[in-house]
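Read through the structure below, which is laid out as structure tokens, and then see the notes.
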Amino acid sequence: MPRPEVLAAVDLGSNSFHLLVGRVVDGLIYPLDSVREAVRLGAGLTSEKRIDRATQARALETLGRMGERLRGMSRQSVRVVGTNTLRVAKNAPQFLREARQALGFPIEVIAGREEARLIYLGVAHSMPPAPHRRLVIDIGGGSTEFIIGTGLEPELTESLYMGCVSYSLRFFAEGRIDKARMRSAELAARQELAAMTGEYRKLGWQEVVGSSGTMRAIEVILHENGWAQEGITREGLDRLRNQLVKHERADPDRIAGLRPGRAGVLPGGVAILDAALHELGIESLKVSEGALRHGVLYDLLGRNERRDMREATVAQFMRRYHVDEAQAERVRALALRIYDALEAGRERGTEDEADRLLLDWAARLSEIGLTIEHSQYHKHSAYMLSNADMPGFSRMEQQRLARIVLAHRGKLAKVRDEGFDGPDWQLVFTLRIAALLLRSRADLKLPPFRVAGDEGGFALDLPQAWLDENPLSAAALESETGYWKAVDSKFTLSALSEKRVALLARP
């Protein structure tokens, strides 16, 4: 499959939705087009943690317009990520189904630390290379990310649940600002920061960089008013803070450089940044044009050029949890062989390639739970995959990976309510059969076999002679019939005669 020359990233933030389209030239991405719309998804989050219908309608209209710009682009050339509001909203699954239909592409909700990693990647690519450590701070609509890294590699990442939208709504209702409100917002932010500042100060940095619309808006205001020559200084921020309190609101008519569209969320952003500068002892910072959407583009470029962060994470997990690499490779190879046999003759698309890759990772990570205990290890593996920080993976990918691993062993009835669909069941089948046939954990020559699958279930044909020689495996395969029946599916095991085996073994 040819590598795309044009890539697109969509960032569904709590404040704004961003679309960025870029052209790939010699490993670099040059912007071709961008769209930003202040949807204020976070402002539509009710006290019950549900996105209200009016906000959903506004978001879907925006996605429809962005979808028009993306029309004709391939699945592998577009990545769409959702951030804090979609992480916390209880009705996010329902909204995401409508959002995918409006946009025309799947949407990944990413964890806070994954958001931080991608932000750092975007900032690092937008600035000149430097040998020293950088601290990157990104104040979003619903969360704020802090990252220390060197070059293109983040070393320390954190995401805190405080953002310009959420704090403006919480502390500055109806836009009203006074000393008490500002003080309350700053204290709340400093309390959030307290748990991480020690570790960050210990690692240290030589340069501080701000990212996001809030940082750029503050930089513009400080420059327009002569409060800072470039970037953001603590002195300049103090002067802006004092002006907000003096005028009792973020007034574009009284504060030069303040855009009306930013006024409603500026107080919360100022309070968070003020707290961060004081807690981390920062006097000044630069502001970068790089942001989450740029990081998403470069991460997508890496995936298309076989430099996938997810692959690095899988390898790191295997090392961390002392996975038996020889057994993992046996299971991986056989699972992929079975998957390919099921897919033989079918037209393969991008989603099929993604499923095959997920199976590859599931096979290699299925035994990480053995570091806890052997009994029910698949449950431990699934829990770890579901809850660990896995750089490169979206939340959906982690949850799906965990579901496949949970179901690869034991009774299937325990997972019937886990949200499996057709492709998931196929991955479960292939991994179950591979793990079962390789239970001896030895390099055995497996006999010729035949597999088939459809919406009704799966079938496996094995030589009668092999079944007779391996009664333990044969009994386990017979038990599969009942397991699959419990989830309203079918598994059929058939024995092949020597004559049929000979025909099957022919090239």
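Which of Lys246/Lys286; Lys414/Lys485; Lys379/Lys411; Lys379/Lys414; Lys49/Lys414; Lys445/Lys490 have a Cα-Cα distance over 18 Å?
Working: Lys246/Lys286 27 Å; Lys414/Lys485 13 Å; Lys379/Lys411 12 Å; Lys379/Lys414 11 Å; Lys49/Lys414 29 Å; Lys445/Lys490 28 Å.
Flagged as over cut-off: Lys246/Lys286; Lys49/Lys414; Lys445/Lys490.
Give the Rg (one decimal place) followed by the Dmax (whole number) of segment 128-287, computed from C-alpha coordinates and expressed in Å.
So, for segment 128-287, Rg and Dmax equal 15.0, 45 Å respectively.
Please give the charge dipole size of the chain, origin at the Cα centre, charges +1 on K and R Cβ atoms and -1 on D and E Cβ atoms. Round to the nearest 20 debye.
Dipole size: approximately 540 debye.
Need the full-extension length gain, Glu37 to Ala475, defined as separation in residues times 0.36 nm minus the C-alpha distance. One decimal, nm.
On the way: separation 438, 0.36 × 438 = 157.68 nm, distance 5.96 nm.
Difference between extended and current length: 151.7 nm.
I'd like to know which of Gln229, His380, Leu334 lies farthest towards the positive end of the charge dipole of the chain, counting +1 on Cβ of Lys and Arg and -1 on Cβ of Asp and Glu.
His380
Starting with the fewest neighbours, write out Tyr321, Tyr30 ranked by other beta-carbon atoms found within 10 Å of each beta-carbon.
Tyr30, Tyr321
Take the Cα coordinates of segment 308-447, assign each an equal point scatterer, and use the Debye formula without solvent to give log10 I(q)/I(0) at q = 0.11, 0.17 Å⁻¹.
-0.36, -0.91
On a C-alpha basis, how far is the centre of segment 38-84 from the centre of segment 294-318 in Å? Whole number, if you could?
Computed from Cα coordinates, the inter-centre distance equals 24 Å.
Per-residue ellipticity at 222 nm for the chain, helices alone: DSSP H runs ≥ 4 residues times -39500 (n - 2.57), over residue total, nearest 500 deg cm²/dmol? Don't jump to the answer; show the numbers that get you there.
Numbers: 20 runs with 256 residues, N = 507.
After summing the helix terms and dividing by the residues of the chain, the value is -16000 deg cm²/dmol.
Any idea what the relative contact order of the chain is, in percent, if you count C-alpha pairs under 8 Å spaced at least 6 apart?
Details: 888 pairs, mean separation 62.4, N = 507.
The normalised contact order for the chain reaches 12 percent.
Which value in nm describes the separation of the simple spin-label points at Arg201 and Thr371, placed 7 Å from the Cα toward the beta carbon?
3.1
What does the charge add up to near Tyr483, with Lys and Arg as +1, Asp and Glu as -1, over the other residues with Cβ less than 13 Å from its Cβ? The partial results should precede the final answer.
Numbers: positive: Arg409, Lys411, Lys414, Arg416, Arg432, Lys485, Lys490; negative: Glu478, Glu480, Asp488.
Combined, the nearby Lys, Arg, Asp and Glu give +4.
Would you mind calculating the relative contact order of segment 1-143 from Cα pairs under 8 angstrom and at least 6 residues apart, reporting the percent as a whole number?
Numbers: 213 pairs, mean separation 35.5, N = 143.
Computed over segment 1-143, the figure is 25 percent.
Mind ranking 162-172, 444-454 by how tightly packed they are, going by the mean number of other C-beta atoms within 10 angstrom, highest first? Don't jump to the answer; show the numbers that get you there.
Details: 162-172: 24.9, 444-454: 14.4.
Ranking the peptides 162-172, 444-454 by packing returns 162-172, 444-454.
So what are the radius of gyration and Dmax for the Cα set of the chain, in Å?
Rg and Dmax of the chain, Cα atoms, are 26.3, 92 Å.
Testing the spin-label approximation: label points 7 Å from Cα along Cα→Cβ at Ala341 and Val6. State their distance in nm.
Modelled inter-label distance: 4.3 nm.
Select from Leu401, Ile433, Leu460 the residue farthest towards the positive end of the dipole of segment 393-471; place +1 on Cβ of Lys and Arg, -1 on Cβ of Asp and Glu, and compute about the Cα centre.
Positive-most Cα among the choices belongs to Leu401.
Relative contact order of segment 33-89, please, whole-number percent, based on alpha carbon pairs below 8 angstrom and at least 6 residues apart. Please list the in-between numbers first.
Numbers: 28 pairs, mean separation 21.5, N = 57.
With pairs under 8 Å counted, the relative contact order is 38 percent.
Looking at segment 128-287, send over the antiparallel percent of its DSSP beta bridges, to the nearest 5.
Values: 16 of 23 bridges.
If I count the DSSP bridges inside segment 128-287, around 70 percent turn out antiparallel.
Any idea what Rg and Dmax come out to for segment 94-221 if you just take the C-alpha atoms, in Å?
When restricted to the Cα atoms of segment 94-221, Rg and Dmax are 16.7, 47 Å.
Give me the percent of DSSP beta bridges within the chain that run antiparallel, rounded to the nearest 5. Let's see the in-between values first.
Details: 38 of 59 bridges.
Percent antiparallel among DSSP bridges in the chain is about 65.
FYI, it's all coordinate maths here, none of it is from the lab. Fair warning: this is a prediction, and the values are worked out from it, not measured in the lab. Cβ coordinates were reconstructed from backbone atoms using ideal geometry, including for glycine residues, and neighbour counts include every protein chain displayed.
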